Amino acid sequence: MNTLDFLKECENDLIQRFNELDDIAYYNQKKILKAFQNHNVALRHFYGSTGYGYDDNGKPVLNSIYAEVFEAEKAVVSPLITCGTHALSLGLFSILRPNDTLLSITGSPYDTVVDCINGEEGKDIGSLKDLGVKYEQIELKNDVINEELAIKKIIDLKPKMVYMQRSRGYGWRKPLSIDDFEHIIKKIREIDKDCYIFIDNCYGEFVETREPSAVGADLVVGSLCKNPGGGIVPTGAYLAGTARAIDLVERQLTAPSIGIEVGSYEQGYRLYYQGLFMAPQTVKNAIKGAYLIGRVMEKLGYEVLPSSNEKSYDIIKSIKLNDASELIKFVQLVQKISPVDSAAVPEPWDMPGYSDKVIMAAGTFVQGASIELSCDSPIRAPYIAYFQGGLTYEHIKILAEQLYEAYKN
Ligand SMILES: *Cc1c(COP(=O)(O)O)cnc(C)c1O
């Protein structure tokens with residue numbers, strides 16, 4: 001079949017999904033617009049600051065807008081937090097103390113977070129374990145939280161913090177929906193009102209109409225090189241949640257004595273505001289594109305997650321390829337159709353913080369930004385490409401066209 005006809009057919013198969021995504025983006029756009037108006041955002045909020053940043057107007061208003069949009073009591077948004085892992089680590093170290101227990105109920109955390117928790121064998125790297133924090137995890141059962149075991153462990157271990165990851169990470173599993181969080185948080189609160197509930201929210205922002213902080217999570221954490229940056233924020237991360245949690249985060253970010261009062265950023269905050277404003281649209285394009293890529297590969301006989309019949313609870317599409325060489329070819333094709341560094345050919349490499357070799361395509365304007373068209377994968381069986389992002393739907397459609405050409409035989 002002619003490639004464009006084939007793509008048209010794929011798009012027709014996805015009309016219901018696309019309509020749902022339009023509705024979610026509309027709702028989130030309204031919520032964000034309202035937060036901007038409630039805070040009387042003006043040009044002066046975009047100006048930079050220097051030194052201690054005592055006269056910084058942009059930072060507190062940005063924090064407060066994030067809190068409103070995330071339906072949280074407080075939030076910290078900062079270009080000084082270098083990436084998602086840094087923000088997750090900051091959140092953990094803000095709250096956990098020697099002899100506390102951390103319990104993950106969604107299996108292993110993201111690869112780079114595991115090392116923050118468990119450290120390195122025989123070496124003090126300042127991990128939670130090195131500080132005397134205890135750690136346990138419960139595996140998912142058939143893709144969902146093993147509720148019975150989780151409840152039992154919470155009663156037995158009395159953890160200071162319960163950890164959950166919204167997105168799939170590098171596993172063949174479904175992300176958690178906000179309904180899932182609402183259900184489990186209610187159950188946890190019935191037995192322990194006080195434990196801190198921590199959510200790795202990476203890749204989940206604006207995929208639904210609520211965030212985990214709206215259903216009782218204490219700390220919701222993500223990267224601005226992903227969804228909430230809207231594809232234009234140059235660097236940074238956010239943490240949103242309850243006042244008791246964010247107060248500690250503010251102190252850990254700078255110093256226990258001074259907290260969030262200090263901290264400047266000379267370049268200014270315009271992109272942080274504008275990126276948040278654009279995020280619902282960017283996220284919508286990325287998910288629509290991911291469905292299209294998924295549909296193309298499905299029709300060519302590959303297994304994809306979520307399938308075209310399922311809702312998306314993060315921006316990722318997992319595509320199960322037959323072997324390492326098919327996987328590498330897929331990732332290299334993503335790089336080849338990128339607007340930046342299209343001549344680069346990605347190869348598997350030993351990336352800091354990851355246990356297997358990883359191959360990554362990210363021909364992006366913001367280096368490594370995975371809200372832009374990108375694909376990454378550990379080289380291990382089953383050979384799964386994790387595809388995500390794309391600033392415009394049309395760009396992702398060009399990839400879909402090339403994938404069809406490359407894999408149709
Ligand atoms: C991307 C990601 C992280 C880490 O973020 P970085 O910015 O790459 O450090 C953590 N958890 C999940 C689920 C992620 O997708």
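Hey, rough spin-label estimate for Ser355 and Gln37, points 7 angstrom out along Cα→Cβ, what's it come to in nanometres? Label at Ser355, label at Gln37, 5.0 nm between them. In percent, rounded to a whole number, the relative contact order of the range 99-217 is 27, using alpha-carbon pairs under 8 Å and six or more apart. Annotation: amide H-H contacts under 5 Å for Glu303 (H modelled 1.01 Å from N, sequence separation of 5 or more, or interchain): Lys320. For the chain, modelled as a GNM whose springs connect Cα atoms under 10 angstrom apart, the maximal fluctuation among Arg166, Arg44, Arg295 occurs at Arg44. Projecting the Cα positions of Gly58, Tyr163, Tyr302 onto the charge dipole of the chain (unit charges on Cβ atoms of Lys, Arg, Asp and Glu, taken about the Cα centre) puts Gly58 furthest along the positive direction. Counting only DSSP H runs of at least 4 residues, each contributing -39500 (n - 2.57), and dividing by the residue count of the chain, the helix-based mean residue ellipticity at 222 nm comes to -13000 deg cm²/dmol. Figure legend: label point modelled 7 angstrom from the Cα of Arg189 along Cα→Cβ; residues of the range 213-238 with amide N under 14 Å from it are 213-219.
Each label was represented as a point 7 Å from its Cα along the Cα-to-Cβ direction; for Arg44 and Ser64 these points are 1.3 nm apart. For the options Thr106, Thr82, Thr235, a Gaussian network treatment of the chain with springs between C-alpha atoms closer than 10 Å singles out Thr82 as fluctuating the most. Taking the average, over residues, of other Cβ atoms within 10 Å as the packing measure, peptides 222-229, 95-102 rank 222-229, 95-102 from highest down. Of all segments of the chain bounded by chymotrypsin sites (Phe, Trp or Tyr not before Pro) found in a DSSP loop with no more than 16 other C-beta atoms within 10 Å, the longest spans 173-364. Just add up the charged neighbours of Leu327: K/R +1, D/E -1, any other residue whose Cβ is under 11 Å from the Cβ of Leu327. Taking every other residue near Leu327 into account, the sum is 0. Taking Cβ atoms as reference points and 11 Å as the exclusive limit, the residues near Tyr393 contribute a net charge of +1, counting Lys and Arg as +1 and Asp and Glu as -1. Inter-part distance, the range 241-306 to the range 97-113, computed on C-alpha centroids, equals 21 Å.
No lab work stands behind these numbers, since they all come straight from the coordinates. Computed from a predicted structure; not experimentally measured. Glycine also receives a Cβ, built like all others from the backbone with ideal geometry; neighbour counts cover every protein chain displayed.
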